[in-house]
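See below for the structure under consideration.
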Amino acid sequence: MAEPKIVAHGITKYFGVGAGAVKALEPFDLFVNTGEFICILGPSGCGKSTFLRMVAGLIEPSTGSLFMDGQPIAGPHRERGLVFQEYALFPWKTVLGNVMYGPLVQRLGRRKAHDIATEQINRVGLKGFESRFPRELSGGMKQRVGIARVLANQPEVLLMDEPFGALDSITRGIMQQDLLKLWLEERKTVLFVTHSVEEAIYLADRIVVMSPRPGRIVSIIAVEPARPRNLLSSECIALRAQLTRLVEEQVVSASSRPMNMPAYAD
């Protein structure tokens, strides 16, 4: 059996020290297979983004270990590309300049960087917008540039932190379809953070459901319906009800704690 692409074992995270430390994540284990599309679903503040940043190498676990291909994750690396919810673009660079940035940092040369960037710009549907600046683009177009910029680094793992959360529902649906098309072309390993049940059902192979802070894994559910998925099918409706109930139970449980008990208490 192939070794998992990403392995998280006994992961916890505290912010601060001493009595005032906030426990963001309780110990949990997660195994992500090569080429798998995993959605991490949970209420705001449950530690989804914290875990994603750990996998990206931007922050370290307080306890536990993280591995990629059997090797410890020790800091950022282009093999793990992170797409933020915010449009993290250089405002002074054009679309082409933004997407070329990674290959240029890798010292691939301007011609090679140009070719790679052009290919990725075309893949995300922005051909003809190469000379535009971020201020001239819509929100959906900015996020396409962000995805193209990450893909230009040719990562093995794509980490996406609610990348469509700021978009209107129509644009969000189009972006979901386009992302799924890109994923089917290359089958990169994807960890996708969301608080949308419908988005998780539409995209994921498996859905990791997390509790409110301190975040822990409540359930891991395989999404069985074949792609492309019809969210109005009986299977998807039943799954939506199951996931919604799971998340709501966790939120109600958290809100029923005594007022003098902090949300991060064990």
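Side notes on the structure shown:
- Test: residue in the stretch 141-154 that is at negative phi and surrounded by fewer than 16 Cβ atoms within 10 Å (Cβ to Cβ): no
- Residue in the stretch 125-133 that is touching a Pro at 6+ places or on another chain (Cβ under 6 Å), within 25 Å of Ile174 (Cβ to Cβ) and modelled with pLDDT of 90 or more present: no
- The stretch 84-112 - residue that is farther than 11 Å from Asn153 by Cβ and either assigned by TED's automatic domain parsing to the domain that holds Leu58 or small (Gly, Ala, Ser) (or both) and, of those, modelled with the lowest pLDDT: Ala88
- Taken over the stretch 175-196, the criterion of being in a loop (DSSP other than H, G, I, E, B) and surrounded by 16 or more Cβ atoms within 10 Å (Cβ to Cβ) is satisfied by Lys188, His195, Ser196.
- Residue in the stretch 171-179 that is touching a strand residue (DSSP E or B) at 6+ places or on another chain (Cβ under 6 Å) and within 21 Å of Val209 (Cβ to Cβ) present: no
- Those strands (runs of 3 or more DSSP E) of the stretch 20-93 in which 2 or more residues are aromatic (Phe, Trp, Tyr) occupy 22-32.
- As a summary of the residue check, Ile237 satisfies the conditions (1) outside the structural domain of Glu162 (by TED's automatic domain parsing); (2) surrounded by 17 or more Cβ atoms within 10 Å (Cβ to Cβ); (3) modelled with pLDDT of 95 or more except for the one numbered (2).
- For the stretch 1-38, a residue qualifies if it is surrounded by fewer than 18 Cβ atoms within 10 Å (Cβ to Cβ), over 21 Å from Phe192 (Cα atoms) and either of a type outside the set (Phe, Trp, Tyr) or touching a residue at least 40 places away in the same chain (Cβ under 8 Å) (or both), and the qualifying residues are Met1, Ala2, Tyr14, Gly16, Val17, Gly18, Ala19, Gly20, Ala21, Val22.
- Residue satisfying condition, being touching a strand residue (DSSP E or B) at 6+ places or on another chain (Cβ under 8 Å), under 21 Å from Gln177 (Cα atoms) and surrounded by 14 or more Cβ atoms within 10 Å (Cβ to Cβ), within set Phe84, Phe67: Phe84
- Annotation: Asp115 fulfils all but one of (1) surrounded by fewer than 17 Cβ atoms within 10 Å (Cβ to Cβ); (2) over 20 Å from Glu79 (Cα atoms); (3) of a type outside the set (Phe, Trp, Tyr); the unmet one is (2).
- Restricting the stretch 155-174 to residues that are touching a residue at least 12 places away in the same chain (Cβ under 8 Å), out of contact with any helix residue (DSSP H, G or I) (no Cβ under 6 Å at 6 or more places or on another chain) and in a helix (DSSP H, G or I), the residue that is surrounded by the fewest Cβ atoms within 10 Å (Cβ to Cβ): Ile174
The values are calculated or read from the model by the stated rules, or taken from the named source; none is laboratory data. For clarity, every value in this text was computed on a predicted model and none was experimentally measured. Cβ: placed from backbone, ideal geometry, glycine included. Neighbour counts: every protein chain shown.
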